[in-house]
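A.B. asks: Can you read through this structure? Questions will come right after.
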Amino acid sequence: MLNFLVLIIPIITKLLVFVLVSILATTTFDGVKGTSLGAWLPLQNPNSPHVVEIAKFAVAEHNKEAKALLVFITVVKGESQLVFGLKYRLRISAKDGVATTTKNYQAVVLEKRWGKELLSFQEIKT
């Protein structure tokens, strides 16, 4: 019996890992089917409430770090990447304080179960 368990446990472990990876690879996050782990995939609805929440977080964090006064307008487009969490790369439209013109910014945010982290935020020069 012990020999049988020694042989079968590694096989079952590999099978479980394969099943879990397969489930993750076909799970949908914010309308993005994650068919390629680690690949950037376009968001089907960049203005979904959750994506807008991520974008507003990015602007607020940038304002704290840079002592800026950007005001969020909208998410122009975005992509997500399944990593150790979910990474968002968003093109955000925002204006500086009371300015009437808007500018585009690229923000990268990593979202994990326990919170969000702003990885980068920069103006997109056109």
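The values are calculated or read from the model by the stated rules, or taken from the named source; none is laboratory data. A quick note: this is a predicted structure, and the numbers were derived from the prediction, not measured. Here Cβ is always computed from backbone atoms with ideal geometry, including for glycine, and neighbour counts include all displayed protein chains.
A.B. asks: From the list Ala68, Ala99, Ala94, which residue is over 19 Å from the mean Cα position of the chain (by Cα), at pLDDT 95 or above and either surrounded by fewer than 17 Cβ atoms within 10 Å (Cβ to Cβ) or assigned to a strand (DSSP E or B) (or both)?
C.D. replies: Exactly one residue qualifies, and that residue is Ala94.
A.B. asks: Continuing with this model, one more query. Within the set of pairs 6+ apart or on separate chains, which have a first residue in the range 40-52 that is more than 8 Å from Lys77 (Cα to Cα), a second that is of a type in the set (Lys, Arg) and crowded, with 17+ Cβ neighbours inside 10 Å, and C-beta atoms under 9 Å apart?
C.D. replies: The qualifying pairs are Trp40/Lys87; Trp40/Arg89.
A.B. asks: Moving on. Only residues that are loosely packed, with under 12 Cβ neighbours inside 10 Å and at negative phi: list them for the range 102-119, please.
C.D. replies: Arg113, Trp114
A.B. asks: Continuing with the same structure: Which numbered condition trips up Asn104, out of (1) over 17 Å from the mean Cα position of the chain (by Cα); (2) over 23 Å from Asn45 (Cβ atoms); (3) at pLDDT 95 or above?
C.D. replies: Unmet condition: (2).
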